[in-house]
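K.L.:
Input: one structure, supplied below.
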Amino acid sequence: MICKSYNFVIMNTIHKTYRFRLLPNVAQEILFAKHFGCVRFVYNHFLNERIEQYEKTKQSDNYHAQALALTQLKKQEDSVTRTKCFQHFGAV
């Protein structure tokens, strides 16, 4: 891991930032790819759901309604979302 520190001034206030660069090994790279594949699938699933709802009713679910829907999807054993998501992990 590489760390760089930067200082910059905005409106007479000094802000300090840190920039990190991760150097994962091969196993960690595979795990990151699987994790982000799952996250991307869930994000696209709910984005598509919002778009379809908006086209039909000119309204869409808010964050809390979709969070509840995600919780319900996680509880379903035969959920398509769950199955496709966890195929990235090789758990199904």
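FYI, it's all coordinate maths here, none of it is from the lab. The structure presented is a predicted model; accordingly, all values stated were derived computationally and were not measured. Cβ sites come from the backbone with ideal geometry, for glycine too, and all protein chains shown count toward neighbours.
K.L.:
Would you list 22, 73, 47 from fewest to most Cβ contacts within 10 Å?
P.N.:
Lowest count first: 22, 47, 73.
K.L.:
Give me 36, 20, 46 ranked fewest to most by other Cβ atoms within 10 Å of their Cβ, as a rough exposure proxy.
P.N.:
Placing the least packed residue first, the sequence is 20, 36, 46.
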